[in-house]
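Derivation of every value follows stated rules applied to the coordinates shown; laboratory data play no part. Just so we're clear, the structure is a prediction, and the values are computed from it rather than from any experiment. FYI the Cβ positions are ideal-geometry reconstructions off the backbone, even for glycines, and counts take in every protein chain you see.
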Amino acid sequence: MNLLTPEQIEKLRASSIRFPDVNETCIGCSACAAISWEVFELDDEWLSKVQDLPSYEDKFVDEAISACPVDAISWKQ
Ligand code: SF4
C-alpha cells in the first residue's frame, strides 16, 4: 500500500474528496494503525501516515481520531 505524498495531498485539497490528515504532533504510538490499518500506517520513523486510497470511510478515520492521544488526526477537505 502506498502512502500519500505531498503532491497527492495537494491534489486532494484541490478536489472535493474528504481525507484524513496527520499533523506534526504525532508521537508514533501506533494506535491509529492498530485500529484503522486500512487507512493509517507507520513510516520508517514510526510516525503515522495516511495510505493512498480512492476514498476514506468515515468509521475508520473517526475511530482513529478518537483513539489518538495527542489529537494529531483530523479530516481535511
Ligand atoms: S494515534 Fe495519533 S499519535 Fe498515535 S500514531 Fe496515530 S497519529 Fe500518531
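Shown here for the chain: GluC sites (Glu not before Pro) in loop regions (DSSP other than H, G, I, E, B) with at most 16 other Cβ atoms within 10 Å, namely Glu24, Glu38, Glu45, Glu57.
Based on C-alpha pairs under 8 angstrom that are at least 6 apart in sequence, the chain has a relative contact order of 42 percent. Coupling constants for region 42-54 follow from the phi torsions by the Karplus curve (6.51 cos²θ - 1.76 cosθ + 1.60, θ = phi - 60°), and in residue order they are 7, 8, 5, 9, 6, 10, 6, 10, 8, 6, 7, 10, x Hz; glycine and proline get x.
3J(HN,Hα) couplings calculated from phi for region 19-31 with the Karplus curve 6.51 cos²θ - 1.76 cosθ + 1.60 (θ = phi - 60°) are, in sequence order, 9, x, 10, 10, 8, 6, 7, 3, 10, x, 6, 6, 4 Hz; Gly and Pro show x. Using just its DSSP H runs of length 4 or more, each adding -39500 (n - 2.57), the chain gives a mean residue ellipticity at 222 nm of -8500 deg cm²/dmol after division by all residues. Here's the list of aspartates and glutamates a cross-link from Lys59 could span, going by alpha-carbon distance under 19 Å and ignoring same-chain residues fewer than 8 apart: Asp21, Glu38, Glu41, Asp71. Remark on Gly28: its backbone amide H falls under 5 Å from those of Ser48, a criterion applied only to residues 5 or more positions apart or on other chains, H modelled at 1.01 Å from N.
For the chain, what is the percent of antiparallel DSSP beta bridges, rounded to the nearest 5?
On the way: 8 of 8 bridges.
DSSP beta bridges in the chain are roughly 100 percent antiparallel.
Available extension along the chain between Glu7 and Glu24 is 4.4 nm, counting 0.36 nm per residue and deducting the alpha carbon span. Close amide H pairs (under 5 Å, H built 1.01 Å from N) link Leu53 with no residue at least 5 positions away or on another chain.
Each of the chymotrypsin sites (Phe, Trp or Tyr not before Pro) that DSSP puts in a loop and that has at most 16 other Cβ atoms within 10 Å breaks the chain; the longest unbroken stretch is 1-36.
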